[in-house]
Amino acid sequence: MQLLLKDKMVEIENGNILSPQGFTTAGVHAGLRYAKKDLGIIISEIPASAAAVYTTNQFQAAPLIVTKESIESEGLLQAVVVNSACANACTGVRGHKDALIMRSLTSEKFNLKENYVAVASTGVIGKYLDMDKISNGIQSLSPGKSNSDAVDFQTAILTTDIVMKSCGYSSIIDGQTITIGGAAKGSGMIHPNMATMLGFLTTDAAISPENLSAALKRVTNHTFNQITVDGDTSTNDMVLCLANGLAGNHPLTPEHPEWETFVELLKKACENLAKQIAMDGEGATKLVEVEVLGAKDDEEARFIAKQIVGSNLVKTAIFGADANWGRIIGAIGQTKAAINPYTVDMAIGSIKMLENSVPCTFSEDEARNYLNQPFIKIFVNLHVGKGAGKAWGCDLSYDYVKINASYRT
C-alpha cells in the first residue's frame, strides 16, 4: 500500500474503513433495494471506545436513539449494523422496536453484548423496515478484511450517492503507527449541525470514550459541520468513531504530548470525508470551498463561510459559471457577524473582485473559464479581526430538482 507523506501525517492511498488494525466489514443485498447491496456491518475484534455526534433535527430516528442507548451504557461498541433504503424515521413504537430487534439479531449472530452494537439506517422517511429481510440479511453477513469487504460495506450504505466515500490516514505516536480509516454516505439533505450524514471512522489508537468524544466533537465543528448541499438537516444521521487500542500506544489524553497529533489526524479524515460528501451533492458538478479571513473570531468566520457556500443564488451562479460577486456580498450581509462594509476583499480563485469593498476590473472570460473548473475557491477577507474559517459545498444544478422531485417514486 503506497503512502503519501504530508508533514507528520501520512495519507494512505486507497485508505478505507479497514485501514486500522482489528476491524472487519461486510455488505450484502438483503432485498431492501431492488438489486444493490443494502445492509452492512463494521466489527471490531475487541470492544472499542465509542463516540458519536448526532443530527439536531428534532425528529430523531429510532436507530439513532438505540445507538445513543448503546454508547451511553459503557462507552464501548464492537459492531455497527447499517441499512440503506429505509430510514426507520417517524415510525413510532414499531420503528423503535424494529431498531432494537436489529441490534439484538446482530448481537446474537456475532455473539456480542447487545449494548456493544450500534444501529444506523438511511433512506426514505416514514417507511417501516422489512424485518424478515433485515433478519435474513444479518444472518448472511460474513465480515472480512479485504478491500472488497470494505467496498461491499461502502456500497451498502449509499442512497442517492454517485460515488463511495472513504479515506485513511496514519501517524507515529509513542513510537507506534496510529491509523484512522473512514467511510461515509451523503448526497442530499446535507446541512449539518453536529452531523447530518452517516460517517463511520475506525482507529486502532488507545483512547478513552470520554477523550474520543471530546476530540470528535472538536473536529466535527471544523469539518462535517462546515459542509452544506441543500440547507436541509436529516432525521437520522450521525458520525460514529470506534477506537480499539490495538496500536499499543499510551492512552491518549489532552495531557499527552502528542494529543494534538491525534486530533489533527482525526480532523484530516473528517475533512476528507466531508469534502467528498459536498462534491457528491445531488446533481453537483463542482466542489466549492469558501475561506474567510479577518472575521471577529473563528466561529464567525466559519459561519460566514457556510452562509456563502449555502446560498442558493451563489450556488446557481457557480453552476452557470457567472462571476456574479454581488450574490456573495448579499450572503455575507445577511449574517449578524461583525462586518465593516467598507473593508471587504473578495476573490474567486486568483481573480480579485473587490478590494476594500471597491469593485475591481476583471476579465469576464477569465472568470468564466475558472468557474467552469470542477473545484472552485472563494476568498473573503473582512479586515475586522483575526478569525479564520472554511466551508465546503457544491453548485446547484437542474439535476438536483430532478433527483428530489422523484426521490420516493
Breaking point among (1) at pLDDT 95 or above; (2) within 17 Å of ALA184 (Cα to Cα); (3) in a helix (DSSP H, G or I), for LEU64: (1)
Show the residue pairs that are 6+ apart or on different chains and have beta-carbon atoms under 7 Å apart, the first residue being within segment 157-175 and under 30 Å from HIS256 (Cβ atoms), the second being of a type in the set (Lys, Arg) and modelled with pLDDT of 95 or more. TYR169/LYS268
What about MET238, is it buried (at least 24 other Cβ atoms within 10 Å of the Cβ), touching a helix residue (DSSP H, G or I) at 6+ places or on another chain (Cβ under 7 Å) and either modelled with pLDDT under 95 or not hydroxyl-bearing (Ser, Thr, Tyr) (or both)? yes
Residue under evaluation LEU158, criteria (1) open to solvent by less than 10 Å² (accessible area, probe 1.4 Å); (2) modelled with pLDDT of 85 or more; (3) touching a strand residue (DSSP E or B) at 6+ places or on another chain (Cβ under 7 Å), criterion not met: (1)
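So, of the residues in segment 334-385 that are in a strand (DSSP E or B) and not hydrophobic (A, V, I, L, M, F, W, C), which turns out to be nearest to the chain's Cα centre (by Cα)?
Looking at the filtered set, the residue picked out is LYS377.
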Specify which of the listed residues (THR24, THR55, THR67) is among the hydroxyl-bearing types (Ser, Thr, Tyr) and touching a Lys or Arg at 6+ places or on another chain (Cβ under 6 Å). THR24
Selection status of LEU216, crowded, with 20+ Cβ neighbours inside 10 Å, part of a strand (DSSP E or B) and modelled with pLDDT of 85 or more: no
Identify all residues within segment 35-51 that are open to solvent by less than 60 Å² (accessible area, probe 1.4 Å) and either under 25 Å from GLN139 (Cβ atoms) or at pLDDT below 95 (or both); write none if there are none. ASP38, LEU39, GLY40, ILE41, ILE42, ILE43, SER44, PRO47, ALA48, ALA50
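A quick yes/no check of all residues on (1) modelled with pLDDT of 95 or more; (2) out of contact with any Gly (no Cβ under 9 Å at 6 or more places or on another chain):
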| residue | (1), (2) |
| --- | --- |
| THR223 | no, yes |
| ILE227 | no, no |
| ASP232 | no, no |
| THR261 | yes, yes |
| ALA278 | no, no |
| ALA284 | no, no |
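Could you tell me whether segment 138-153 includes any residue that is over 25 Å from LEU246 (Cβ atoms), open to solvent by less than 10 Å² (accessible area, probe 1.4 Å), part of a helix (DSSP H, G or I) and of a type outside the set (D, E, K, R)?
Yes, segment 138-153 contains a residue that is over 25 Å from LEU246 (Cβ atoms), open to solvent by less than 10 Å² (accessible area, probe 1.4 Å), part of a helix (DSSP H, G or I) and of a type outside the set (D, E, K, R).
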For segment 338-361, indicate whether the set of residues that are within 28 Å of PHE224 (Cα to Cα) and modelled with pLDDT under 95 is non-empty. yes
From the list GLY75, GLY95, exactly one residue is surrounded by 19 or more Cβ atoms within 10 Å (Cβ to Cβ) and either at pLDDT 95 or above or closer than 23 Å to ILE227 by Cα (or both). Which is it? GLY95
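For segment 268-276, check the following and say yes or no: at least one residue is among the charged types (D, E, K, R), farther than 25 Å from GLY168 by Cα and open to solvent by 10 Å² or more (accessible area, probe 1.4 Å).
no
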Kindly provide the set of residues from segment 329-364 that are touching a Leu at 6+ places or on another chain (Cβ under 9 Å), surrounded by 15 or more Cβ atoms within 10 Å (Cβ to Cβ) and among the aliphatic types (A, V, I, L, M), ordered by number. ILE329, ALA331, ILE332, ALA337, ILE339, VAL344, MET346, ALA347, ILE348
Neighbours by Cβ (under 8 Å, 6+ apart or cross-chain): first from segment 367-382, among the charged types (D, E, K, R); second assigned to a loop (DSSP other than H, G, I, E, B): ARG368/ALA321; ARG368/ASP322; ARG368/ALA323; LYS377/GLY349
Residues of segment 245-262 being within 21 Å of LEU76 (Cβ to Cβ) and β-branched (Val, Ile, Thr), in sequence order, are THR253
(1) of a type in the set (Lys, Arg); (2) in contact with an Asp or Glu (Cβ under 8 Å, 6 or more places away or on another chain); (3) free of Cβ contacts under 8 Å to residues at least 40 places away in the same chain: which one isn't true of LYS68, the others all being true? (2)
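Answer yes or no: is there a residue in segment 294-311 that is in a loop (DSSP other than H, G, I, E, B), open to solvent by 10 Å² or more (accessible area, probe 1.4 Å) and under 21 Å from GLN373 (Cα atoms).
Within segment 294-311, one or more residues are in a loop (DSSP other than H, G, I, E, B), open to solvent by 10 Å² or more (accessible area, probe 1.4 Å) and under 21 Å from GLN373 (Cα atoms).
The values are calculated or read from the model by the stated rules, or taken from the named source; none is laboratory data. Remember, it's a predicted structure, so these values are computed and weren't measured experimentally. Note: ideal-geometry Cβ built from the backbone for every residue, glycine included; neighbour counts use all protein chains shown. Note: accessible area is taken over every heavy atom of the protein model, side chains too, but ligands, DNA and RNA are not part of it. Shrake-Rupley method; radii C 1.70, N 1.55, O 1.52, S 1.80 Å.
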